[in-house]
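Have a look at the structure below, then the notes.
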Amino acid sequence: MAIGQTTKVSVSIKVIDAQTKLAVPNATIVLNNQIAAADENGKISFSKIQKGNYDLKVSSIGYSDYLEKISIDQPNLSLTISLKSIALFLQPLEVKSLRANNTAPFAKINFNKEDIAKNNIGQDLPFILNQTPSMYVSSDAGNGVGYTYMHIRGSDATRINVTLNGIPYNDAEEQGTYFVDIPDFASSVNSVQIQRGVGTSSNGTGAFGATINLSTNEFNEKPYAELNNSYGSFNTWKNTLKFGSGLIDGHFTIDARLSNITSDGYIDRAFSNLQSMAFSAAYINKKSSLRFNIFKGKEKTYQAWYGVPQDSLATHRTYNPAGTEKPGTPYSDETDNYWQDHYQLFFNHSFNAYWSFNTAIFLTYGRGYYQEYKAAQAFTDYGMPFIGNDTTDLIRQRWLNNYFYGQIFSVQYKKKNDEVTIGGGWTRYAGTHFGNVIWTQQYASVNYFQYYNYPALKTDNNIYMKWQHSLTNHFQTYVDVQYRNVYHRMTGFEGNPTLDIERTFNFVNPKAGITYYKNGWQYYLSYALGNKEPNRDDFQASLASQPKAETLHDFELGIERKQNNFSYGANVYYMLYKNQLVLTGQINDVGSYTRTNVPNSYRLGIEFQGSYTFSKWLNANANLSFSRNKIKSFTEYIDNYDNGLQNAVPHTNTDISFSPGVIGGATVSIIPVKNFTISSLSKYVSKQYMDNTQNELRSLQSFFTEDIRLIYTIKNVLGKEINLIGQVNNVFNKLYAPNGYTYAYIQNNVLYTDNSYFPMAGTNFIFVVNIKL
C-alpha cells in the first residue's frame with residue numbers, strides 16, 4: 001500500500017525484452033490498483049500520484065511476470081523494466097500481420113477479453129460492439145438475438161471486412177457477415193480490433209466502412225473452467241460452458257466451449273434456437289507453435305426479415321407477416337436453418353529475434369435452407385408438370401451448399417526502427433444455390449421437386465507488403481500495398497436460368513501515412529485506396545450492362561492524447577467514392593432490381609472519443625461522430641402501374657441511405673463499493689433515410705436509448721470468481737426502429753410509398769451468472 005503523503009509526482013516506465021533490448025509493446029502495468037497498457041514503444045506514464053511504496057507488476061504474453069515493490073520518492077521517476085521471455089512461442093502472428101499497431105496512422109479501437117466479457121450477456125456480436133464510434137446496430141427479432149446487423153460510417157456488413165484469426169469470414173458471394181451462423185462466438189474471442197475506413201491490408205473482401213479482426217488463439221497457462229448462464233425478457237436463455245487444460249507437459253494446451261441460446265424474440269414468432277461448439281488444441285515450443293481450431297454452429301430462426309408494415313407499426317409493432325400466406329394460423333415452420341463448420345490449422349515459427357513466419361490452411365463448410373409457405377403459385381413458374389388447376393399452395397425450401405477453403409501466410413521482420421510484413425493468401429469458394437418444392441396442396445406427384453440449381457465459383461488471391469519505419473524517435477512512416485485478383489463465375493440466377501456470368505477483377509490497393517508521437521500526444525495523416533467487386537445479385541444483368549467495381553479514396557487525419565487516467569482524440573475523414581453501387585429502383589435489361597453504379601459520392605466526417613478516470617469510484621468514456629454523406633447525382637426509377645413502365649426522377653446532392661449524420665455513445669461507471677460497478681450505457685443515432693432520395697416519407701427517425709448495467713463480483717466462493725450481471729435495456733421504453741426498407745410506385749397518377757420497419761424492443765432485462773472455477 002502507498003504511504004499516505006500528499007505530494008503528487010509522476011512515474012515513467014519503459015518495458016523492454018531482456019535479451020534483445022527491444023521494446024515490448026502493449027505490456028500491462030499494474031501500479032497498486034492502477035492498471036494501464038504500454039504504448040507501441042513499450043512506454044507508459046503515471047501522473048499525479050502520491051509519493052510512497054507501491055507494488056509494481058508488469059506482464060505481457062510470452063514473458064514471465066515482473067513483480068517488484070518500488071519506492072516513489074522523487075518528483076519524476078523513470079524506470080526501465082526488462083521482461084524475460086518464457087520458452088514458448090506465443091505470438092499470434094496470423095492476427096498481428098493484419099492489425100494496425102498503436103502508432104499506425106489509422107482510426108482504430110481495441111477490445112480486450114474483459115471488455116468483451118462484460119458486454120457478452122446473450123446478444124449477438126454486433127450488439128457487444130455497439131458502443132464503437134460511428135457504429136449502430138439492428139436486429140430482425142428486435143432483441144439482439146438471431147439475425148443482427150451493423151453499420152459503421154454508414155456502410156453495412158457487405159462493406160465491412162471481418163476475419164477470424166486472420167481468416168476471411170465474409171460470405172464470398174454476398175460479402176455480408178452472419179454471426180447467427182456461429183452463435184456465441186464472442187465467448188471464444190479474446191481480443192478485437194476495429195479499424196474504421198479502408199484500414200490496413202487484410203485478407204478477404206475489400207473494406208470500405210471498416211475491418212474487424214477477431215482473435216481466439218489465446219494461450220491459457222493454467223487449467224480453467226467457466227460456466228456462463230443468462231436469462232432475460234422474451235424467454236431468452238444463454239448457457240455456455242468453457243474449459244481448458246492449461247499447459248500440459250510444458251507444450252500442449254486444449255480449450256473447448258459449448259453454447260446454447262434460445263429466445264422467443266420480440267417480434268411475433270421470431271424465435272431463435274442456436275447451438276455452437278469450439279475446440280482448440282495447440283503444441284508450443286520455444287520457436288514454433290501449431291494450433292488446430294474447430295468452430296461449429298447451428299441456427300434455426302423463424303423468419304422476421306420482412307419487417308413490420310407501416311400501417312401496423314403504431315397498433316401492432318410486433319406484427320410478423322412471415323408465414324401468413326397460409327390460410328388460418330401462420331405457417332409454423334417458416335424458418336431459416338443453417339449449419340456452418342470452420343476448420344483452421346495454424347503454424348507459427350520464429351527463426352530468430354528478427355524474423356518470423358506464419359501460415360494457416362482452412363475449410364469452412366456451410367449448408368442450409370429457408371422454408372416458406374407460398375399460396376396460389378403457378379406450376380409453370382416452378383417448371384412443374386401441369387396437373388388440373390394451374391396454381392397450387394406449396395411449401396418450398398431454398399438451399400445453399402458451399403465449401404470455402406484456402407491458405408493465408410505472412411513473413412515478418414522487425415528491428416528497432418523497421419517492421420516489414422509480407423503476406424497474402426488464396427481462397428476458393430464453390431457453392432450451389434438450389435430450390436426444392438417439398439409439398440403441394442393437391443398433387444403428391446410433384447412433391448420434392450427441384451425447380452432450380454445454380455452453381456457458382458469464386459477465387460480470391462492477394463499479396464501485400466507493409467513497412468513501418470521510424471524516421472526519428474518521434475516520426476514514423478507507414479507504407480502498405482496490396483495486389484488482389486478476384487475471379488467469379490455464376491451459372492444461372494433465379495428468374496434468369498440461362499444467364500451465365502464470368503468476371504475477373506484486378507485491384508492494386510496502396511496505403512501510406514505518417515505518425516508523430518511525443519509525451520502522450522500522437523498525430524497521424526494517411527491515405528488508403530480500396531477497391532471492391534460487386535455482390536452476386538449485382539451481376540444479374542446482361543453482359544452489355546455489367547456493373548463496375550467500386551473504388552474508394554480514404555483520407556484520414558487524427559490526433560490523440562493518452563495518459564494513465566485519461567485519453568481523448570479526434571479523427572477527420574474524407575471518403576471519396578467512384579462508381580459506388582446503390583439501389584435506384586431501376587429494372588435492368590434482364591428484368592431485375594439491382595444496384596447501379598453512381599459516378600461520384602462521398603462521406604465527410606469527424607469522430608471524437610475520450611475516456612476519463614475521475615477517481616477510483618467514477619470513470620466515463622464517450623464518442624461522438626458527425627458526418628455528411630452525399631451522392632452528387634443519380635436518377636431514381638419508380639414503377640408506374642398505370643402504363644407498365646418506370647418514371648425517371650433525377651436527384652442531386654442527396655444523403656446516402658442508412659447514413660445518419662450524428663452517432664454518439666457514452667458509458668458512465670460508478671463503483672460505490674469494491675467489486676460492484678453500476679454503468680449507464682447511452683446511444684444516440686440521428687435521422688437517416690431508407691433510400692437515396694432524401695424523402696422525409698422514407699426516413700427512420702432519430703433515437704436515444706439508455707441501458708443500465710450492474711456488475712457484482714464475488715471472489716473465492718464456489719470457485720475463483722462469480723460475476724453477477726443485471727442489465728435493463730431501453731430504460732425509457734423508446735419505441736424506435738433502426739432499420740427498414742421502402743418501395744415507391746405510381747397508381748392512378750398518385751405516388752405511393754410503402755415502408756416496412758424493424759423495430760427494437762421496449763424496456764427489457766437480462767440477468768447473468770458467470771462462475772469461474
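Worth pointing out:
- Residue list for region 243-271, filter: open to solvent by less than 40 Å² (accessible area, probe 1.4 Å) and at positive phi: 246, 250, 265
Conditions tested, residue by residue: (1) out of contact with any His (no Cβ under 8 Å at 6 or more places or on another chain); (2) over 15 Å from residue 180 (Cα atoms); (3) not aromatic (Phe, Trp, Tyr).
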residue: 250; (1), (2), (3): yes, yes, yes
residue: 260; (1), (2), (3): yes, no, yes
residue: 281; (1), (2), (3): yes, yes, yes
residue: 299; (1), (2), (3): yes, no, yes
residue: 354; (1), (2), (3): yes, yes, no
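- When 448, 405, 429 are checked against the criterion of being open to solvent by 50 Å² or more (accessible area, probe 1.4 Å), modelled with pLDDT of 90 or more and either within 30 Å of residue 478 (Cα to Cα) or among the aromatic types (Phe, Trp, Tyr) (or both), 405 stands alone in meeting it.
- Qualifying positions in region 734-765 - open to solvent by 80 Å² or more (accessible area, probe 1.4 Å) and assigned to a loop (DSSP other than H, G, I, E, B): 735, 748, 749
- In region 496-542, residue nearest to the chain's Cα centre (by Cα) [restricted to those that are β-branched (Val, Ile, Thr) and open to solvent by 70 Å² or more (accessible area, probe 1.4 Å)]: 508
- Matching option when the condition is open to solvent by less than 60 Å² (accessible area, probe 1.4 Å), under 25 Å from the mean Cα position of the chain (by Cα) and either more than 30 Å from residue 428 (Cα to Cα) or in contact (Cβ under 8 Å) with a residue 40 or more places away in the chain (or both), among 337, 358: 358
- Residues located in region 582-597, provided they are open to solvent by less than 60 Å² (accessible area, probe 1.4 Å), assigned to a strand (DSSP E or B) and free of Cβ contacts under 8 Å to residues at least 60 places away in the same chain: 594, 596, 597
- Taken over region 375-395, the criterion of being open to solvent by 40 Å² or more (accessible area, probe 1.4 Å) and in a strand (DSSP E or B) is satisfied by 376, 391.
- Residues of region 296-327 satisfying the condition of being in a loop (DSSP other than H, G, I, E, B), on the phi < 0 side of the Ramachandran plot and either among the basic types (Lys, Arg) or buried (at least 19 other Cβ atoms within 10 Å of the Cβ) (or both): 303, 304, 317, 320, 322, 326
- Residue 110 being open to solvent by less than 30 Å² (accessible area, probe 1.4 Å) and modelled with pLDDT of 90 or more: no
- Only a single criterion out of (1) of a type in the set (Val, Ile, Thr); (2) open to solvent by 10 Å² or more (accessible area, probe 1.4 Å); (3) assigned to a loop (DSSP other than H, G, I, E, B) is not satisfied by residue 200, namely (2).
- The sole residue among 36, 27 that is modelled with pLDDT under 85 and under 18 Å from residue 85 (Cα atoms) is 27.
The values are calculated or read from the model by the stated rules, or taken from the named source; none is laboratory data. Predicted model only: the values in this text are computed from it and were never measured. No Cβ is skipped: glycine too gets one built from the backbone with ideal geometry, and neighbour counts run over all protein chains shown. Accessible surface areas use protein heavy atoms only, side chains included; no ligands, DNA or RNA. Shrake-Rupley method; radii C 1.70, N 1.55, O 1.52, S 1.80 Å.
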